[in-house]
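Structure first, then comments.
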Amino acid sequence: MKTSFEFPTKVRVRYGETDQMGYCYYGNYAAYFEVGRVEAMRSLGMSYRELEESGVMLPVSHFEVDYFKPALYDDELTIVTAITELKGPRLFFEYTLYNEKQECLSKAKTTLVFVSKVNMKPIAPPAAFVELMEKHHA
């Protein structure tokens, strides 16, 4: 199912996330995208905690990122997180990261897989999650 759900989240680049030049270390972007993903899920109506408590995990199976401009120390960043598709046990996300000047700094994609907490094998998404996503069917 293709979806059209988007949610913006803000984060600020902390001093410890930068190098001597004040540039955000590239590895921190994955953590920023995770913040976007977690908050997008929460705003949709289902938190990661709820999923895990119901016996469902959502590990990342694919991550790709393109960097266009650096994020700098103390920049307030906006992560626009889109849930683009739910296909079997796979959930697809796309992210666009902007600085305060609305310049696009980075774009990324992740694929997550619904798995059983018991055996870590792929499972169908919970019916309640599918219902939430159907409200945003593209």
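Which pairs do you get when a residue that is under 13 Å from Gly36 (Cα atoms) and open to solvent by 20 Å² or more (accessible area, probe 1.4 Å), found in the stretch 99-114, comes within reach of a residue that is modelled with pLDDT of 95 or more and among the charged types (D, E, K, R), reach meaning Cβ atoms under 6 angstrom, with the pair 6+ apart or on two chains?
Lys107/Asp66; Lys109/Glu64; Lys109/Glu94
List the residue pairs whose Cβ atoms are under 6 Å apart, where the first residue sits in the stretch 32-47 and is farther than 24 Å from Arg14 by Cα and among the small types (Gly, Ala, Ser), the second is open to solvent by less than 50 Å² (accessible area, probe 1.4 Å) and modelled with pLDDT under 95, and the two are 6 or more positions apart or on different chains.
Within 6 Å, the pairs are Gly45/Leu132.
Would a scan of the stretch 66-77 turn up a residue that is surrounded by 16 or more Cβ atoms within 10 Å (Cβ to Cβ), of a type in the set (Asp, Glu) and closer than 20 Å to Pro8 by Cβ?
yes
Give the residue that is nearest to Glu52 (Cα to Cα), with candidates limited to residues of the stretch 86-104 that are touching a Cys at 6+ places or on another chain (Cβ under 9 Å) and of a type outside the set (Val, Ile, Thr).
Out of the qualifying residues, it is Leu97.
Residue by residue through the stretch 49-64, note down the ones that are open to solvent by 40 Å² or more (accessible area, probe 1.4 Å) and under 16 Å from the mean Cα position of the chain (by Cα).
Listed by number, the residues that qualify are Arg49, Met57, Pro59, Val60, Ser61, His62, Phe63, Glu64.
The values are calculated or read from the model by the stated rules, or taken from the named source; none is laboratory data. Model, not experiment: these values are computed from the prediction. For neighbour counting, all protein chains shown are included, and Cβ atoms are generated from backbone atoms with ideal geometry for every residue, glycine included. Note: accessible area is taken over every heavy atom of the protein model, side chains too, but ligands, DNA and RNA are not part of it. Shrake-Rupley method; radii C 1.70, N 1.55, O 1.52, S 1.80 Å.
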